[in-house]
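So the structure is just underneath, and the comments pick up after that.
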Amino acid sequence: MSSIKLTADSGGGTFEIKAPSSSGNTRVLTLPDTGNATVLTTDTSVGKVLQVLQAVKTGAQSFTVSGGTHDISGLTVNITPSSSSSKIYIMADVGGHVHNSQGGAFLLVRTISGGSATNINTADSAGSRRVSSFTGTLYTGDGGGAQDITLTANCKFLDSPNTTSQVNYKIMLQKQSSNDLYCINRTESDNDTNDESRTVSQITVMEIAA
């Protein structure tokens, strides 16, 4: 089996091209007419998923406090990117129930190394409307019986934190008023019967090599 070996000047390494061992395995390497490129290897990190972290909330939580923005316990996750050029892909699902025809709205919040919190993946400002990261109708009814169900709101977002410090991502609830009951992972009435349901919420983050 013949080969071509290139040896670097001044004691550098060598690069060897070997032909296939069988005549039936002929291969052709074609170089482009223009432009330069770097050959990717099995060690190349471009486009790879470098790490995956997840926080899962299986317990129920309800909010009867006034309107505004509120933490959802258990829907927070920390990730430390290996490179400042990495992207962070975020997937979140929040299940629950909102009383009195009030839609459920949520914020995706990023904090880098304990600094100021930043709302990300939010809509443009539009008058008095709530500016949210994602929203969904988490069943809006008075509850009770077979109609007392939970539905899920979800989002997917590719973030560029541009850091190698620890990044905290969390989901926060946007509540409209003090008169409405907002429930996470449960129905409004939450009766102990088999026509009621409980669900699971989660946030997953993946570091993607640039």
Residue in the stretch 71-88 that is among the small types (Gly, Ala, Ser), closer than 20 Å to Val200 by Cα, in a strand (DSSP E or B) and modelled with pLDDT of 90 or more present: yes
Tally, over the stretch 157-185, of residues that are polar (S, T, N, Q) and closer than 20 Å to Ser113 by Cα: 7
Pairs where the first residue, in the stretch 16-41, is of a type in the set (Ser, Thr, Tyr) and the second is assigned to a loop (DSSP other than H, G, I, E, B), C-beta under 6 Å, 6+ apart: Ser21/Met1
Residue count, the stretch 175-191 (criterion: within 17 Å of Thr58 (Cα to Cα) and either of a type in the set (D, E, K, R) or not in a loop (DSSP other than H, G, I, E, B) (or both)): 6
Residues that are aliphatic (A, V, I, L, M), within 46 Å of the chain's Cα centre (by Cα) and assigned to a loop (DSSP other than H, G, I, E, B), drawn from the stretch 1-39: Ala8, Ala19, Val28, Leu29, Leu31, Ala37, Val39
Ser21 of a type in the set (S, T, N, Q) and surrounded by 11 or more Cβ atoms within 10 Å (Cβ to Cβ): no
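The values are calculated or read from the model by the stated rules, or taken from the named source; none is laboratory data. The structure displayed is predicted, hence computed values, not measured ones. For neighbour counting, all protein chains shown are included, and Cβ atoms are generated from backbone atoms with ideal geometry for every residue, glycine included.
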